[in-house]
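Below you'll find the structure, written out as structure tokens, and then a few comments.
The values are calculated or read from the model by the stated rules, or taken from the named source; none is laboratory data. Worth saying up front: this structure is predicted, and the values here are computed from it rather than measured. Quick reminder, even Gly has a Cβ in these numbers, built from the backbone with ideal geometry, and neighbours come from all protein chains shown. Heavy atoms of the whole protein, side chains included, go into the accessibility calculation; ligands, DNA and RNA do not. Shrake-Rupley method; radii C 1.70, N 1.55, O 1.52, S 1.80 Å.
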Amino acid sequence: MAVAFTLNGAAITVPAEPGDLLIDTLRTGCGLTGTRYGCGEEQCGACLVLIDGAPAHACGRETATLEGRAVTTAEAIPAAIRDAFLAEQAGQCGYCLSGMLVAATALLARNPSPDRAAIVEALDGNLCRCGSHPRIIAAILRAGRAA
Amino acid sequence: MIANTLPKSLQDNPRLDQWLAFRPGGAVHLKVGKIEIGQGIATALAQIAADELDISLSRLALTAGDTDAAPDEGMTTGSMSVEMSGGSLRIVCAEVRALMLAEAATRLGRPAAGLAVEDGAITENGAPTGLDYWSLAVPLDRAITGAAPLKPRAAHRLIGTDVKRLDLPAKLNGAGFLHDMVLPGMVHGRVLHPPLIGARLIGVDEAAIARAGASFLRRGDFAAVLAPNEAAARAAHAAARPEWQGGRPVTHDMGEAAHLVGQPAIHARFREAPRAEGERVSATFSRPYISHGTLGPSVAIAQYDGAHLTIWSHTQGVYLLRRHLAALIGLPETAISVRHAQGSGCYGHNGADDAAAEAALLATLRPGPPIRVMWGRADEFTHEPAGTAMSVTIEATLGADGLPADWVTTIWSAPHVARSHLACMLAAQSLPDPRPDPEHHDPHPDGGGGASRNAIPLYDIPNLTLDVHIVQRPPIRTSALRGLGALPNIFAIESFLDDLAARAGIDPLDYRLRLLSDPRARDVLITAAAMANWSGRWRGGEGRGLGLGLGRYKNRSAYAAVVVEVEVDTEVRLRRIWCAADGGLVINPDGARNQLEGGIIQAASMTLKEAVRLGPDGISSRSWADYPILRFSEIPEITTTLLDPGDVPPLGMGECTMGPTAAAIGNAVAHALGTRIRDMPLTRERIAAAL
């Protein structure tokens with residue numbers, strides 16, 4: 001079967017059998033590697049994407065459920081947010097950052113100038129092992145100030 | 001003959017062209033052995049090279065970690081990359097610059113002293129001469145002499161500045177990792193891992209594997225599924241239901257460090273001194289087995305065309321991996337190429353080499369297509385080498401002044417360094433006729449140590465005895481994890497010192513200063529204490545605590561002092577953390593601060609939360625739910641200060657905050673509770689037990 005949805009603003013139709021996961025559709029099918037495979041268990045947040053604006057784990061979402069939805073991946077988040085991460089040098093290994101960018105995008109869309117507490121709450125499901133948390137918080141504060 | 005005083009990296013790779021090449025179009029190709037593992041080394045090395053060569057950063061391209069195209073500098077470990085690779089690169093680049101200037105002087109008929117380099121172009125009194133590095137084209141296939149003077153600190157333009165990480169833009173744009181690499185015709189393998197060391201495979205559901213669209217490969221107990229895509233490999237791996245028999249038994253209580261004490265071990269006495277007379281005090285500290293917890297899984301790609309084997313891996317050492325693979329597979333080293341590609345954050349000997357060996361074995365069993373192996377999250381938790389549990393007992397005799405008159409440390413640990421042993425590779429243990437277990441010795445502390453790393457106090461303590469017991473058959477595979485023994489040892493030393501200070505009725509800061517003559521150690525300690533307003537420290541025992549910790553990583557790298565403020569009721573909440581560090585000449589201060597902060601957060605996570613659980617089926621922590629780490633909501637405000645000790649060489653900084661952070665948290669919790677917890681992690685259960 002095939003499923004049609006909007007991917008990063010463009011209409012797309014992809015094959016999707018029951019059980020096929022969005023993360024594989026994106027990474028393997030579409031070549032969009034920004035959606036990182038972390039745990040495959042919806043526990044780390046590395047694979048976050050936006051579905052109709054809300055953060056969702058691509059590793060736990062079946063592609064077949066996306067008919068008519070709008071999916072946004074890390075590749076398509078606003079440049080200003082990415083720039084804020086670069087300005088704060090918010091990362092070490094960088095593997096978690098796609099998920100952080102996506103979570104930040106969802107937060108800033110509903111709260112354009114979040115304070116530290118709001119950022120912490122929004123990102124608490126995203127793991128970072130290198131300990132870049134303070135810089136990631138600073139980057140989102142910066143993006144909020146710039147908004 | 002004059003002894004060769006060049007750094008080891010240059011002795012091992014003695015020609016200029018092993019390090020540097022000028023490419024058409026005004027590019028400079030740097031070749032180094034130290035690889036990017038998330039620590040920012042690629043950027044720091046580029047800064048060093050650009051400064052010594054007088055070129056802009058944008059001209060540089062870097063090849064790091066490639067057995068065909070980059071020098072052998074051993075492993076990227078132990079916070080040594082800036083010291084080793086950076087130091088070597090400085091010498092190489094200074095020498096190339098001097099050779100170019102000499103050649104320009106000859107061609108122009110002018111003294112070299114009047115010439116300079118501006119972004120690769122030779123100038124005289126600021127005016128172009130028409131010559132540049134590329135047109136001069138001095139041959140670089142010549143021996144490195146080390147004769148060219150290095151630039152003084154005042155002449156640095158990029159060293160010491162906050163150059164932005166060169167690798168981050170790609171990683172923020174969806175690329176940059178080995179995980180993202182796709183080769184034509186690539187197939188996907190997953191290996192079935194034995195739950196216990198030495199377990200034998202007695203059954204597997206081959207029909208289910210076939211139904212999942214995969215094929216099954218087996219050699220001895222090395223068994224894998226091969227599928228056309230990653231999803232099918234994952235599904236076939238989940239469907240395989242392997243049955244295992246035997247193996248080294250594991251029980252739940254083997255997860256405690258105390259279980260190591262008294263097991264068959266190799267003993268080394270690294271220091272020995274007579275005991276003093278007087279009152280004796282002792283305490284035992286521990287930490288459990290811990291996991292790397294790298295966010296992304298281990299991955300590798302291998303391709304064998306029947307004659308040559310090529311492997312892409314996020315290994316910390318391409319040359320050692322090649323040596324192991326040659327022995328494992330039975331190919332000459334010349335028939336193997338190992339190329340580094342970046343992985344998720346690397347904090348030590350993780351699953352990278354094992355995944356590479358698995359891909360390489362599958363590629364030789366199935367020549368032709370590139371074969372990619374990517375582990376799952378449970379593979380990481382259950383089959384990467386863990387950081388070992390450690391038990392550290394300190395006994396001291398107190399002098400009349402309340403200061404230690406002797407100091408006896410006894411450590412029980414599993415191996416911290418297993419990488420050099422092929423027999424310790426996961427795949428090697430599953431192939432027919434597995435190699436016998438090697439003997440595990442602890443590296444000598446004077447060379448950095450393993451379990452003994454930072455076991456020797458930084459303080460002026462007389463009559464030191466140090467005994468280390470390395471347990472030879474621990475329940476699970478163990479190897480290097482960030483800082484090795486430094487974290488548990490500094491936790492033990494600094495906790496013990498706080499207890500001695502309390503016993504003597506002396507403030508913990510004053511007590512340390514009485515024992516500390518190293519001026520750089522005093523500086524970081526006094527600075528961190530001032531940052532935290534230590535003199536305003538309150539009476540403890542009422543739920544709020546302030547604690548400090550000090551260390552010099554490996555007793556010879558960077559210094560760090562950390563002060564932590566906590567609140568404790570049923571559990572520990574980190575309120576503030578202050579850190580002062582001295583890493584000598586700092587190449588990239590912002591990058592250094594990033595490393596200091598990262599080390600603080602990772603150490604805090606280990607100290608408060610982390611323990612690998614064991615059970616009859618081996619490691620029972622299989623997911624992030626079983627092995628929680630520090631989250632955003634648990635991260636305190638962190639303030640770091642980098643001291644400038646003047647014109648001194650760089651000291652590795654990547655691991656220097658780990659031990660002091662663990663120690664400062666332990667001391668802050670003790671201050672808050674009025675009683676000490678000596679076993680990490682400092683969990684809710686341990687707090688309840690302490691009260």
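Somewhere in the stretch A:126-141, is a residue more than 12 Å from every other protein chain (Cβ to nearest Cβ) and open to solvent by less than 40 Å² (accessible area, probe 1.4 Å)?
No; the residues of the stretch A:126-141 include none that is more than 12 Å from every other protein chain (Cβ to nearest Cβ) and open to solvent by less than 40 Å² (accessible area, probe 1.4 Å).
Go through the residues of the stretch B:281-295 one by one and say whether even a single one is within 14 Å of chain A (Cβ to nearest Cβ) and either assigned to a strand (DSSP E or B) or farther than 30 Å from B:P628 by Cα (or both). Yes, the conditions are met somewhere in the stretch B:281-295.
The condition of being without any contact (Cβ under 8 Å) to a residue 60 or more places away in the chain and either polar (S, T, N, Q) or within 14 Å of chain A (Cβ to nearest Cβ) (or both) holds for only one of B:A423, B:A352, that being B:A352. Within the stretch A:35-63, residues that are within 9 Å of chain B (Cβ to nearest Cβ) have Cβ atoms under 7 Å from residues that are crowded, with 21+ Cβ neighbours inside 10 Å and among the β-branched types (V, I, T) in these pairs: A:T35/A:I23; A:T35/A:V49; A:T35/A:T73; A:Y37/A:I23, counting only partners at least 6 apart in sequence or on another chain.
Test of understanding: among B:A611, B:A625, B:A604, which residue is farther than 24 Å from B:T43 by Cβ, assigned to a loop (DSSP other than H, G, I, E, B), within 14 Å of chain A (Cβ to nearest Cβ) and small (G, A, S)?
Only one candidate qualifies: B:A625.
Among the residues in the stretch B:277-292, are any out of contact with any helix residue (DSSP H, G or I) (no Cβ under 8 Å at 6 or more places or on another chain) and either surrounded by 24 or more Cβ atoms within 10 Å (Cβ to Cβ) or among the aliphatic types (A, V, I, L, M) (or both)? No: the stretch B:277-292 contains no residue that is out of contact with any helix residue (DSSP H, G or I) (no Cβ under 8 Å at 6 or more places or on another chain) and either surrounded by 24 or more Cβ atoms within 10 Å (Cβ to Cβ) or among the aliphatic types (A, V, I, L, M) (or both). Taken together, the residues in the stretch B:20-46 that are assigned to a loop (DSSP other than H, G, I, E, B) and touching a Cys at 6+ places or on another chain (Cβ under 8 Å) amount to 2. The residues of the stretch B:628-668 that are within 14 Å of chain A (Cβ to nearest Cβ) and assigned to a strand (DSSP E or B), listed by number, are B:E637, B:I638, B:T639, B:T640.
Filter the stretch B:181-190 for residues that are facing another protein chain (nearest Cβ under 10 Å) and within 16 Å of B:A355 (Cα to Cα); which is least open to solvent (accessible area, probe 1.4 Å)? Step by step, filter the stretch B:181-190, then rank; the result is B:H188.
Considering A:L101, A:L107, A:L32, A:L86, the condition of being open to solvent by 20 Å² or more (accessible area, probe 1.4 Å), closer than 22 Å to A:A138 by Cα and either in a helix (DSSP H, G or I) or at the interface with chain B (Cβ under 9 Å from one of its Cβ atoms) (or both) is satisfied by A:L86 alone. Would you check if there is a residue in the stretch B:535-544 being touching a residue at least 24 places away in the same chain (Cβ under 8 Å), open to solvent by less than 10 Å² (accessible area, probe 1.4 Å) and in contact with a helix residue (DSSP H, G or I) (Cβ under 7 Å, 6 or more places away or on another chain)? There is no residue in the stretch B:535-544 that is touching a residue at least 24 places away in the same chain (Cβ under 8 Å), open to solvent by less than 10 Å² (accessible area, probe 1.4 Å) and in contact with a helix residue (DSSP H, G or I) (Cβ under 7 Å, 6 or more places away or on another chain). Residues in the stretch B:502-549 that are closer than 27 Å to B:L651 by Cα and either polar (S, T, N, Q) or in contact with a strand residue (DSSP E or B) (Cβ under 6 Å, 6 or more places away or on another chain) (or both): B:S517, B:R520, B:A521, B:V524, B:L525, B:T527, B:A528, B:M531, B:A532, B:G547, B:L548, B:G549. The residue list B:E103, B:E95 contains one member that is crowded, with 21+ Cβ neighbours inside 10 Å, assigned to a helix (DSSP H, G or I) and more than 14 Å from chain A (Cβ to nearest Cβ), which is B:E95. Of note, B:D590 satisfies the criterion of being within 12 Å of chain A (Cβ to nearest Cβ) and of a type outside the set (F, W, Y). If the condition is being out of contact with any Asp or Glu (no Cβ under 7 Å at 6 or more places or on another chain) and surrounded by 15 or more Cβ atoms within 10 Å (Cβ to Cβ), then the stretch A:58-79 contributes A:A58, A:R61, A:L66, A:V71, A:T72, A:T73, A:A74, A:E75, A:A76, A:I77, A:P78.
The requirement of being open to solvent by 20 Å² or more (accessible area, probe 1.4 Å), modelled with pLDDT under 95 and in contact with a Lys or Arg (Cβ under 7 Å, 6 or more places away or on another chain) is fulfilled somewhere in the stretch B:632-651, by at least one residue. When B:A414 is tested against the conditions (1) under 20 Å from the mean Cα position of the chain (by Cα); (2) among the hydrophobic types (A, V, I, L, M, F, W, C); (3) open to solvent by less than 10 Å² (accessible area, probe 1.4 Å); (4) within 24 Å of B:A327 (Cα to Cα), the lone failure is (4).
In the stretch A:70-78 there is no residue matching the filter, namely being away from chain B (no Cβ under 11 Å), in a helix (DSSP H, G or I) and either at pLDDT 95 or above or in contact with a helix residue (DSSP H, G or I) (Cβ under 6 Å, 6 or more places away or on another chain) (or both). Close Cβ contacts (under 7 Å, 6 or more residues apart or on different chains) running from residues in the stretch B:149-174 that are free of Cβ contacts under 8 Å to residues at least 24 places away in the same chain to residues that are among the aromatic types (F, W, Y) comprise B:L172/A:F85.
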